[in-house]
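A quick write-up on the structure given underneath.
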Amino acid sequence: MTETLMRSLSHGYSALVLGASGGIGQAFRWQLEMDAGCGKVVCLSRRDDAFDVTDENSVLRAADRMKSEAFDLIVCATGALTINGLGPEKSLRQISQHLMMAQFALNAIGPALILKHFVPLLARRKRVIFAVLSARVGSIGDNALGGWISYRSSKAALNQIVHTAAIEVNRTNPSSLLVTVHPGTVKTDLSAPFASGHKRFEPNDAARRILEMLDGLTPDRTGGFFAYDGTAIAW
């Protein structure tokens, strides 16, 4: 492929995909490897690298192995809706302390640890992008249906974590862009049990849409929460 997808990044840019063994993570990897402007794609996943975002030592070891890198783009595609065979709650009666803790560990604390240890691996004094996959159901303002309390809350927490991190990173690099992204409903194992009646995107289409959207966001949008089409989502 001769097309350059991420035109706002320097030619030959270096990219890192976290959670690269999942459906959309694999699609990000493929899109970036096919991008004529991308010089290097590094991938990490639990399946292939024992990269466990719920274990800070695992995150630290992975980052330490890459301490000589300077990434222009980091995409975090980790997370889960169903954990240990248990899906999201439908009512208050179904709240489980252990399930809620597991949701926060994977969907909020895990990305916070990733930010802690991988933000230092971003290139300095130039445009860089750090995108973390979130979900529209993490929007408090857009919640009119209820349910899914643990998952919704973990994603709302994630949005706040990234927003706060973006403020800090911007102080030393005003060209940085840190955002959370709603990918839409994608044809993956994560969405399959809950996708009835919903239009679903093929993973490669979803990944491409997101990368094109990120490419068009300017640094003044850092800290925001965006859908795959670039529209801002209410907190």
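The values are calculated or read from the model by the stated rules, or taken from the named source; none is laboratory data. Every value quoted in this text rests on a predicted model; they were computed, and no experiment measured them. Reconstructed Cβ throughout: ideal geometry from the backbone, glycine too, with neighbour counts over all protein chains shown. Ligands, DNA and RNA are stripped out before the accessible areas are found, and what is left, the full protein with its side chains, is counted by its heavy atoms. Shrake-Rupley method; radii C 1.70, N 1.55, O 1.52, S 1.80 Å.
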Legend entry - Neighbour net charge for Leu32 - beta-carbon separation under 13 angstrom, K R +1, D E -1: -3
Legend entry - Long-range amide H partners of Cys38 with built H, under 5 Å: Gly12
Legend entry - Probe 1.4 Å, accessible area per residue of segment 25-173, Å²: 50 Å²
Inset, instruction - Give me the percent of the accessible area of the chain that comes from carbon and sulfur atoms, probe 1.4 Å, all protein chains in place. - result: 51 percent
Legend entry - Given Lys40/Lys199; Lys67/Lys116; Lys126/Lys187; Lys90/Lys116, the pairs whose alpha carbons are separated by over 23 Å: Lys40/Lys199; Lys126/Lys187; Lys90/Lys116
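Would you mind calculating the relative contact order of the chain from Cα pairs under 8 angstrom and at least 6 residues apart, reporting the percent as a whole number?
Reported relative contact order: 21 percent.
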Inset, instruction - Would you kindly derive the ³J(HN,Hα) couplings of segment 222-227 from the backbone phi angles with the Karplus curve 6.51 cos²θ - 1.76 cosθ + 1.60 (θ = phi - 60°), listing them in order in whole Hz, with x for Gly and Pro? - result: 4, x, x, 10, 10, 7
Inset, instruction - Give me the net charge of Asn173's neighbourhood, meaning all other residues with Cβ under 15 Å from the Cβ of Asn173; Lys, Arg count +1, Asp, Glu -1. - result: +3
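How long are the semi-axes of the equivalent ellipsoid of the chain, taking √(5λ) for every eigenvalue λ of the Cα gyration tensor, in whole Å from largest down?
Taking √(5λ) for each eigenvalue gives 27, 19, 18 Å, largest first.
Under unit Cβ charges (Lys, Arg +1; Asp, Glu -1), what dipole magnitude, rounded to 20 debye, does segment 93-165 have relative to its Cα centre?
360 debye
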